[in-house]
Amino acid sequence: SDVEMTTPDDLSPLQPVPLPTPWPDANRRLLLGQGTPIDPLARLATFDDAQFERFIWEWVNGYVAHQYLEVQHRGGAGDKGRDVIGWLDDSSIATRRWDLYQCKRYKDPLTPGDFLPEMGKLCYYTFRGDYTAPRRYFIVSPKGVGNSLQDLLDDPAALKQKLIEKWNDWCSNAITKTEAVRLEGAFMDHVKTFDFSIAKTLPPADLIEQHSKTRYHLAVFGTAFKPRPPVALPPAEIAAGELGYVSRAYEAFADHLKVPVEDPDDFASHIHLVRCFSHARECFYSAESLKEFSRDNLPDDSAFVNLCNQILQGVTPTLNKRHSDGYEKLVDTTEKAVSVAITSNILVSEVEPSDRVGLCHQLANDGTIRWVEQ
């Protein structure tokens, strides 16, 4: 049966694409490195309606939405044959271009009998003027289309002829629930001149490849991380986002030197502090890159937050020790962070020593850690 995309029952004809809900415990053992990953195509073929709908919204939010100016959905009763709409032009454009994605989950590859009623809806509602013809019409299905339907999609003239031949059998009573739609007169003329070449299939392999570009993919299919990009060097000027941990470092250096420290010039003659400060910035940006890597590959920030919490718990005994000054506390704590055991976290394989030190400075940046108590 079709996947019904839930639409709020209000007066708005089109709804923004909803955020996908979290995938409950999907491939959890695979994420922890236990067991052999299931081939994504095989897993996609097993999805039930709810799972396929969740997968579609992940794909729409993480991939399709970036290809268009605006993306909306309309699935469910009264959708007039439209599931996902990608607008290429602003709403102020009179002949606004758009692409249509029709999502179908059947237990087998789609047949002409499965698809032609949907094509019939497109012809009917464009004939009535409910909406214009899309630029492209993609069929999205976890098991793709069968050979018979693919042959028709490859030959738009044959697809049109098959629709006309089978209209009474497959389409007439499938367009609306209130009446049979006859293929005659001006409507027949419209069908004969309609461009059937806009209909395309999005093969499951392409669908998986596109989903793999999203941050949801690994959590669903248990696949490996893509290579982590190299860490960029800190900018010469201290950025606004660094002011928290930089201020904490200044406090630690002032406590060590027993003089006020408000910028790097105030400790420029103390090489150990210059090196400490430079290392702190490099490590902060290393941890920042890990945060971005997590955001790009995982559906939420829970793994990164857990990583920060594990580092915090591991260094807390060191933070609670007596130190001669804030600088010594900073050095001892970040040194301890390098050896803290991290367990049951999907990011652990990506964590470098510089990330561990940087996470301490991340925690100082948000005020969780202070090197000098106020």
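Would you mind getting me the FRET efficiency between residue 279 and residue 88? Use the beta-carbon distance for r and R0 = 56 Å, nearest 0.05. Please report the intermediate quantities before stating the final value.
Details: r = 48 Å, r/R0 = 0.86.
About 0.70, to the nearest 0.05.
Per residue, what accessible area does region 276-372 have, given a 1.4 Å probe and all protein chains present, in Å²? Roughly 43 Å² per residue, with all protein chains present.
Taking a Cβ cut-off of under 13 Å around residue 258, the surrounding Lys, Arg, Asp and Glu residues balance to a net charge of -4, with basic ones at +1 and acidic ones at -1.
Please give the charge dipole size of the chain, origin at the Cα centre, charges +1 on K and R Cβ atoms and -1 on D and E Cβ atoms. Round to the nearest 20 debye.
On the way: 40 positive and 54 negative charges, 156 e Å.
Using Cβ point charges on Lys, Arg, Asp and Glu, the chain gives about 740 debye.
Taken over the alpha carbons of region 179-303 as equal point scatterers, the Debye sum produces base-10 log I(q)/I(0) values at 0.17 Å⁻¹ of -0.94. In this structure, residue 370 and residue 265 have a Cβ-Cβ separation that, at R0 = 35 Å, corresponds to a calculated FRET efficiency of about 0.90. Comparing 327, 289, 304 along the charge dipole axis of region 283-357, the residue lying farthest to the positive side is 327, per the Cβ-charge model. Distance between the modelled labels on residue 133 and residue 331, one decimal in nanometres: 7.6 nm (7 Å Cα→Cβ projection).
Of all lysines in the structure, those lying under 24 Å Cα to Cα from residue 258, and not within fewer than 8 positions of it along the same chain, are 321, 329.
Assuming 0.36 nm per residue, please report the length gained on full extension of the stretch residue 257 to residue 180 beyond their Cα-Cα distance.
Values: separation 77, 0.36 × 77 = 27.72 nm, distance 8.78 nm.
Net length gain for the segment: 18.9 nm.
The per residue volume of the convex hull around the alpha-carbon atoms of the chain is 179 Å³. Using +1 at the Cβ of each Lys and Arg and -1 at the Cβ of each Asp and Glu in the chain, identify which of 338, 186, 133 lies farthest towards the dipole's positive end. Projecting each Cα onto the dipole axis, the largest value belongs to 186. Which residue fluctuates most in the GNM of the chain (Cα springs below 10 Å): 38, 208, 238? In this elastic network of the chain, the residue with the biggest mean-square fluctuation among 38, 208, 238 is 238.
Quick check: residue separation of residue 195 and residue 97 times 0.36 nm, minus the Cα distance between them. What number comes out in nm?
Details: separation 98, 0.36 × 98 = 35.28 nm, distance 1.49 nm.
Here the answer is 33.8 nm.
Here's the list of lysines a cross-link from residue 200 could span, going by alpha-carbon distance under 17 Å and ignoring same-chain residues fewer than 8 apart: 104, 121, 143, 160, 162. Pair-distance distribution of region 72-148: all C-alpha pairs, bin width 5 Å, starting at 0; shares per bin in whole percent are 3, 15, 24, 26, 18, 9, 4, 2, 0.
Cα-based Rg of region 69-209 per 2.2 N^0.38 Å, rounded to two decimals? Please list the in-between numbers first.
Values: Rg = 14.7 Å, N = 141, 2.2 N^0.38 = 14.4 Å.
Region 69-209 yields a ratio of 1.02.
Residue order by solvent-accessible surface for 97, 275 is 275, 97, largest first, with ligands and nucleic acids left out and a 1.4 Å probe. How would region 262-346 be classified by its alpha-carbon gyration tensor: rounded, prolate or oblate, with rounded meaning a/c under 1.5 and the a/b versus b/c comparison settling the rest? Judged from the Cα gyration tensor, region 262-346 comes out oblate (a/c at least 1.5, b/c at or above a/b). Out of the total accessible area of the chain (probe 1.4 Å, heavy atoms of protein only), what percent is carbon and sulfur? Of the solvent-accessible surface of the chain, carbon and sulfur hold 50 percent.
The stretch between residue 296 and residue 225 holds 24.6 nm of extra length on full extension. This uses 0.36 nm per residue minus the Cα-Cα distance.
The values are calculated or read from the model by the stated rules, or taken from the named source; none is laboratory data. These numbers come from a predicted model, not from an experiment. All Cβ positions, even for glycine, are placed from backbone atoms using ideal geometry, and neighbour counts span all protein chains on display. Accessible surface areas use protein heavy atoms only, side chains included; no ligands, DNA or RNA. Shrake-Rupley method; radii C 1.70, N 1.55, O 1.52, S 1.80 Å.
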